[in-house]
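Participant: Handing you a structure now.
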Amino acid sequence: EDQVTQSPEALRLQEGESSSLNCSYTVSGLRGLFWYRQDPGKGPEFLFTLYSAGEEKEKERLKATLTKKESFLHITAPKPEDSATYLCAGGTDKLIFGTGTRLQVFP
Amino acid sequence: GAVVSQHPSWVICKSGTSVKIECRSLDFQATTMFWYRQFPKQSLMLMATSNEGSKATYEQGVEKDKFLINHASLTLSTLTVTSAHPEDSSFYICSAGGSGGETQYFGPGTRLLVL
């Protein structure tokens, strides 16, 4: 059965305290690994797509990496505005979402 | 990134009435659109895949006669919740794109409250 698991479920960081979010996946016929950010009461906002193991992508304080079994979202020196739920999804002909990591960054 | 809109952003209705939600891709043509439902503090659950000009494909456990989907053009898909009941209250989100592993772009969501 296809499955995407994210950890931790929740993460509290001090502003400037770097950390990583984990996404483990077992998806047959994976065509892409997607990261989204979701703020409360809003739809997910696209961050990254990774297609092959070893691939890395960066955007401001975020960097996403991919292996054959996992993806990591590294957050460097986070700011309070980075507080959100981060969703990982494995893509085939549809997206299989993990349950998300709820990140809170305190000043 | 691509822009997807939804209308309305929120709706309150009485039990037994029908509610229509529109999803539009504003700056690209989408042969495929998706409809999701999200309950509080839970992740997105795919309800159905909507393909332009053909019948939608529903996920297991989703009643196709209750959640009517129409994808009449490359920029518009609609979800109609028929005879809504309080248990249908949820956050409904659409997305566009995503065929063949391409990126799905999400709308802002529609919050439905059935009284």
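Since every read-out is calculated from the coordinates, none of them should be taken as a lab result. Remember, predicted model here, so these are calculated numbers, not experimental data. Here the Cβ is made from the backbone with ideal geometry for all residues, glycine too, and neighbour counts use every protein chain on show.
Participant: Quick one: of A:Lys42/A:Lys68; A:Lys42/B:Lys14; A:Lys68/B:Lys41; A:Lys59/B:Lys20; A:Lys68/B:Lys55; B:Lys20/B:Lys41, which pairs are farther than 26 Å apart, Cα to Cα?
Facilitator: A:Lys42/A:Lys68; A:Lys68/B:Lys41; A:Lys59/B:Lys20; A:Lys68/B:Lys55
Participant: Can you list which of the trypsin sites (Lys or Arg not before Pro) found in the stretch A:1-101 are DSSP loop residues with at most 10 other C-beta atoms within 10 Å?
Facilitator: Filter output for the stretch A:1-101: A:Lys68, A:Lys69.
Participant: Follow-up question, since we're still on this one. Looking only at trypsin sites (Lys or Arg not before Pro) in DSSP loops with at most 11 other Cβ atoms within 10 Å, what is the longest site-free stretch of chain B?
Facilitator: B:42-115
Participant: In chain B, what is the volume of the convex hull around the alpha carbon atoms, normalised per residue and reported in Å³?
Facilitator: Each residue corresponds to 98 Å³ of Cα convex hull volume.
Participant: Okay, moving on. If you put +1 on each Lys and Arg Cβ and -1 on each Asp and Glu Cβ, how big is the dipole of the stretch B:8-103 around its Cα centre, in Debye rounded to 20?
Facilitator: 200 debye
Participant: Let me have the relative contact order for chain B, percent, based on Cα pairs under 8 Å that are six or more residues apart.
Facilitator: Value for chain B: 37 percent.
Participant: Follow-up question, since we're still on this one. Set the Förster distance to 22 Å, then compute FRET efficiency between A:Ala53 and A:Glu9 from the Cβ-Cβ distance, nearest 0.05.
Facilitator: About 0.30, to the nearest 0.05.
Participant: Also, quick follow-up: Suppose every K and R has +1 on its Cβ and every D and E has -1 on its Cβ; what is the size of the dipole of the protein assembly as shown about the Cα centre, in Debye to the nearest 20?
Facilitator: 280 debye
Participant: Let me ask something else about it. Along its principal axes, what span do the Cα atoms of the stretch A:18-100 show, with the longest given first and each in whole Å?
Facilitator: 37, 29, 16
Participant: Where nothing but the Cβ of Lys and Arg (+1) and of Asp and Glu (-1) is charged, how large is the charge dipole of the stretch A:52-97 around its Cα centre, in debye to the nearest 20?
Facilitator: 80 debye
Participant: How big is the gap, in Å, between the Cα center of the stretch A:39-59 and the Cα center of the stretch B:49-66?
Facilitator: For the stretch A:39-59 versus the stretch B:49-66, the Cα centre distance is 27 Å.
Participant: In addition: Please give, to one decimal in nm, the separation of the simple spin-label points placed at A:Ser20 and B:Thr17, each 7 Å out from Cα toward the Cβ.
Facilitator: Going by the 7 Å Cα→Cβ label model, 5.2 nm.
Participant: Efficiency by 1/(1 + (r/R0)^6): what FRET value for B:Leu115 and B:Lys55, r their Cβ-Cβ distance, R0 = 35 Å, to the nearest 0.05?
Facilitator: Once rounded, the FRET efficiency stands at 0.65.
Participant: So which GluC sites (Glu not before Pro) in the stretch A:18-63 are both in a DSSP loop and have at most 13 other Cβ atoms within 10 Å of their Cβ?
Facilitator: Of the GluC sites (Glu not before Pro), the ones in loops of the stretch A:18-63 whose Cβ has at most 13 other Cβ atoms within 10 Å are A:Glu60.
Participant: Classify the stretch A:8-47: rounded, prolate or oblate, from the alpha-carbon gyration tensor (a ≥ b ≥ c, eigenvalue square roots; a/c under 1.5 rounded; otherwise prolate if a/b is larger than b/c)?
Facilitator: oblate
Participant: What whole-number value in cubic angstrom gives the convex hull volume per residue for the C-alpha atoms of the protein assembly as shown?
Facilitator: 118 Å³
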